[in-house]
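Encoded as C-alpha cells, the structure appears first; notes follow it.
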Amino acid sequence: MVRVYKLKTILVSLAAFALLAVLSVTTYFTGAYAVYFGNTPRLVPIYSVETEEKKIAISFDCAWGTEYTDKILSALKASDVRATWFMVEFWTTKYPEFVKKIDEAGHSIGTHSSTHSYMSKQNAEEIKKELTVSSQAIESITGKKVELFRPPYGDYDDELIKTASALGYYTIQWDVDSLDWKDLSASDIAMRVINGVKNGSIILMHNNGMHTAEAVPIILETLKNKGYSFVPIDELIYKQNYVIDGTGRQKPNA
C-alpha cells in the first residue's frame, strides 16, 4: 500500500509539473494584457477564435483603389455573406461612396490606420492619432462606432496593442492569408483559403487584388458546401472574459 501511495504521489507531481511546463510557453490574457510564464511578457492580437461551431470570417483590407470592389460586393450579396472591411483613412476620405455602400450592405467596418505606416515604430500619441483620426473618418460616414483595428502589414508591438485596447479597439490579425496581393491566380487564391480554414478562422484578403473578385465566389461556395458559415469578425470574437494563447487563438475564459 505504501508503494502504491508513493507511486500515486509521484504521478500527481509529474502531472502538476507537466501543467506548469505548458503554462510556461502559453500566453494568456483578458483584454490586451498578456503574461509569459518564465519568459518575456508580450501582448498578442486576435488571429483566430476557438469555437465548436463551423463559423469563420472573411475580411478585406482597403488601402488602394476600388476597381474590383463592386464585384466583391456582388459576390458576397449573391452568397448572403457579410464580411469585415478594414479601411485606411486616406481610402475612406477618397471613396466615401464605397464606405457607405459597404456599410449599407450590412458588412462590418474597422480601421486599418490613418497612413498605413509601420505602427510598431510609433509612440503612444502617434498611435492614438492614427486610430482616432481614421475611425472618425469612417464614423462620419456610417454613424457607427469603430471597434476593430487591423495593423498595416500585420506589424505590431506591445505599445500598439496596449494603446489600441485602452481606446476600446480589438486588434485583429488573421490565420488564413490568401496572398491575393501577390496577384496569384483566382484558383490559387481560392485553394490557399479553402485548404487553410478551420473553425474560427479569420481570412485575409484585399479589396483591390487583381484576381480577388474572381476567387471570392469559389471560396464562398466551396466553404459553404463544407458546412461553414460566414460572420463578421465582431460577431466571431469574444468581447469580454476571454484569453488568447501563444498562437493568437482567442478562447472563452473558463
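The values are calculated or read from the model by the stated rules, or taken from the named source; none is laboratory data. Please read all numbers here as calculations on a predicted model, not as lab measurements. Every residue, glycine among them, receives a Cβ derived from its backbone with ideal geometry; neighbour counts consider all protein chains shown. The area values use the complete protein model at the heavy-atom level, side chains included, leaving out ligands, DNA and RNA. Shrake-Rupley method; radii C 1.70, N 1.55, O 1.52, S 1.80 Å.
See the values below:
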item	result
Members of segment 196-207 that are closer than 15 Å to GLN173 by Cα, assigned to a loop (DSSP other than H, G, I, E, B) and open to solvent by less than 10 Å² (accessible area, probe 1.4 Å)	GLY200, SER201
Selection from segment 224-234 of residues that are open to solvent by 40 Å² or more (accessible area, probe 1.4 Å), touching a residue at least 12 places away in the same chain (Cβ under 8 Å) and in a helix (DSSP H, G or I)	LYS224, ASP234
Flag for VAL44 being assigned to a loop (DSSP other than H, G, I, E, B), of a type in the set (A, V, I, L, M) and open to solvent by less than 30 Å² (accessible area, probe 1.4 Å)	yes
Members of segment 47-78 that are open to solvent by 20 Å² or more (accessible area, probe 1.4 Å) and either under 22 Å from ILE237 (Cα atoms) or at pLDDT below 95 (or both)	TYR47, GLU50, THR51, GLU52, GLU53, LYS54, LYS55, TRP64
Failed condition for MET191, given (1) closer than 27 Å to GLU53 by Cα; (2) assigned to a helix (DSSP H, G or I); (3) touching a residue at least 24 places away in the same chain (Cβ under 8 Å); (4) hydrophobic (A, V, I, L, M, F, W, C)	(3)
Residue match in segment 161-176 (condition: surrounded by 15 or more Cβ atoms within 10 Å (Cβ to Cβ), basic (Lys, Arg) and more than 13 Å from the chain's Cα centre (by Cα))	yes
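Per-residue answers, yes or no, for (1) in contact with a Lys or Arg (Cβ under 6 Å, 6 or more places away or on another chain); (2) open to solvent by less than 20 Å² (accessible area, probe 1.4 Å); (3) part of a strand (DSSP E or B); (4) over 20 Å from GLY106 (Cβ atoms):
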residue: GLY209; (1), (2), (3), (4): no, yes, no, yes
residue: GLU214; (1), (2), (3), (4): no, no, no, yes
residue: PRO217; (1), (2), (3), (4): no, no, no, no
residue: THR222; (1), (2), (3), (4): no, no, no, yes
residue: GLN240; (1), (2), (3), (4): no, no, no, yes
residue: THR247; (1), (2), (3), (4): no, no, no, yes
